[in-house]
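Every number here is computed from the coordinates shown, using simple stated rules; none is lab data. As the structure is a computational prediction, the values presented were derived from the model and not from experiment. Positions of Cβ are generated from backbone atoms using ideal geometry, with glycine treated the same way; all protein chains shown enter the neighbour counts.
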Amino acid sequence: MSRIELDRVVVRAATPGGPTPEVTVLHETSLELTEQRIALVGPNGSGKSTLARLVNGLVEPTSGRVVVDGLDVARKGREVRRRVGFVFTDPTAQLVMPTVLEDVALSLRHRVRGREERAAAAREVLASYGLEGLGERSVHALSGGQRQLLAIAGVLATDPAILVADEPTTLLDLRNARRIGDLLLGIPQQLVVATHDLDLALRCDRALLVDDGRVVADGAPAEVVAHYRAGAS
Ligand SMILES: Nc1ncnc2c1ncn2[C@@H]1O[C@H](COP(=O)(O)OP(=O)(O)OP(=O)(O)O)[C@@H](O)[C@H]1O
């Protein structure tokens, strides 16, 4: 299993024109994440996305270090991004090619050389996610559930060691949320998922409750979710 370490990480952001010149988005945080499935829960604006984005360098610490499988994210960003796949809430953020097949083929570009071989491999990927027959379609002509499935298929096709997902089920109906949740919980890679879907969090191995830029509870999901629910009632 992979290992994600945060060593005294602080994230501050400039707020030009705001009441203060900068805000602390994440107060000093040290963590070691070695479980297979880790959920980040907490209210809107608490810092879950920030924590998730630190793992692949989309957010840089103001101070402290983030280390992924021994690689310092600030120094080895490219290698880290190869190890860490990232899934966004809105899949259109990461579907960039005109058709479904081309999009998956793009994800396979480092692993499969040759146009024909890549197209064949992309078709296999689509079939394994139940998206066969949609290869020639525009990514914009898919349902929300199909689009999120395609985005995850594309990221997993790059063969990452870790998958970080930022609210991957927020835009989906119950059935698709469940389907995507089942898929994410079933992958062999380490999963870090920021989510408001407490059923999904409860099915993880560890949960962290983030509130106002601090990890305020950390441990077994049932306890952490109960703590979160008690605070919200
Ligand atoms: N670059 C930035 N500049 C200013 N403020 C920021 C910046 N990035 C994040 N913040 C603020 O930091 C806080 C945490 O944001 P973050 O997106 O991590 O929260 P979140 O828990 O993922 O929220 P949500 O559940 O609504 O997606 C928010 O108040 C946000 O406005």
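Compute the normalised compactness of segment 13-131: alpha-carbon radius of gyration over 2.2 N^0.38 Å, N being the residue count.
The value comes to 1.36.
Which of Thr89, Thr169, Thr195 moves the most in a Gaussian network model of the chain with Cα springs under 10 Å?
Thr89
Among Gly114, Ala151, Val68, which residue has its Cα positioned farthest towards the positive end of the charge dipole of the chain, with +1 placed on the Cβ of Lys and Arg, -1 on the Cβ of Asp and Glu, and the dipole taken about the Cα centre?
Gly114
Restricting attention to segment 44-151, which GluC sites (Glu not before Pro) occupy a DSSP loop and are surrounded by at most 13 other Cβ atoms within 10 Å? Walk me through the intermediate numbers first.
Numbers: sites: Glu79, Glu102, Glu116, Glu117, Glu124, Glu132, Glu136; in loops: Glu132, Glu136.
Within segment 44-151, the qualifying GluC sites (Glu not before Pro) (loop, at most 13 other Cβ atoms within 10 Å) are Glu132, Glu136.
For Glu32 and Asp205 in one chain, what is 0.36 nm times their gap in residues minus the Cα-Cα distance, to one decimal in nm? Spell out each step's value before the answer.
On the way: separation 173, 0.36 × 173 = 62.28 nm, distance 1.38 nm.
Between Glu32 and Asp205, full extension yields an extra 60.9 nm.
With all distinct Cα pairs included, what does the Kirkwood hydrodynamic radius of the chain come out to in Å, to one decimal, could you say?
For the chain, the Kirkwood estimate is 18.4 Å.
Could you compute the FRET efficiency for Thr170 and Glu136, with r as their C-beta to C-beta distance and R0 at 30 Å, rounded to 0.05?
Numbers: r = 29 Å, r/R0 = 0.96.
The value I calculate is 0.55.
With each pseudo-label sitting 7 Å past Cα toward Cβ, what's the Ala119-Ser63 distance in nm, one decimal?
5.6
Would you mind calculating the gained length between Met1 and Leu106 on full extension (0.36 nm times residue separation, minus the Cα-Cα distance), in nm to one decimal? Let's see the in-between values first.
Values: separation 105, 0.36 × 105 = 37.80 nm, distance 2.68 nm.
The Met1-Leu106 span can extend by a further 35.1 nm.
Taking the Cα centre of segment 1-71 as origin, sum charge times position over the Cβ atoms of Lys and Arg (+1) and Asp and Glu (-1), and report the length of that vector in debye to the nearest 20. Walk me through the numbers before you get to the answer.
Numbers: 7 positive and 8 negative charges, 33 e Å.
Magnitude of the dipole: close to 160 debye.
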